[in-house]
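I have placed the structure first, in the form of structure tokens, so that the comments after it can refer back to it.
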């Protein structure tokens, strides 16, 4: 008999700050108990910009890294690939637009 390993990938979310309720199974994540991470901003500052936010690993980052290494897509396309499973409205406070109003 062989053992099978199942993995789940899906929406991405920032790590290092409080989990939004829209994130499935966030209560099972050990970071939800870390007092440094479970505030709105956690280790970040308002408007720090998404490229400065550590995101959960998923299929988006995998395809982003493959496409980036290939070097044929413009930066706008790479951004779309990387963040297409990210719910920006839940974490808008991390964008530079939030800092500038």
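Summary table below
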read-out: Failed criterion for residue 77 (all others in (1) surrounded by fewer than 15 Cβ atoms within 10 Å (Cβ to Cβ); (2) out of contact with any helix residue (DSSP H, G or I) (no Cβ under 6 Å at 6 or more places or on another chain); (3) assigned to a loop (DSSP other than H, G, I, E, B); (4) at pLDDT 90 or above hold); value: (3)
read-out: Residues (over 16 Å from residue 18 (Cβ atoms) and not in a helix (DSSP H, G or I)) located in region 87-101; value: 95, 101
read-out: Pick from region 49-74, criterion touching a helix residue (DSSP H, G or I) at 6+ places or on another chain (Cβ under 7 Å), more than 18 Å from residue 19 (Cβ to Cβ) and not in a helix (DSSP H, G or I), ranking: modelled with the lowest pLDDT; value: 49
read-out: Conditions (1) in contact (Cβ under 8 Å) with a residue 24 or more places away in the chain; (2) surrounded by fewer than 16 Cβ atoms within 10 Å (Cβ to Cβ); number of the one not met by residue 39; value: (1)
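The values are calculated or read from the model by the stated rules, or taken from the named source; none is laboratory data. It should be emphasised that the depicted structure is a prediction, and the values quoted were computed from it without experimental measurement. In this analysis, Cβ positions are derived from the backbone assuming ideal geometry, glycine residues included, and neighbour counts consider all displayed protein chains.
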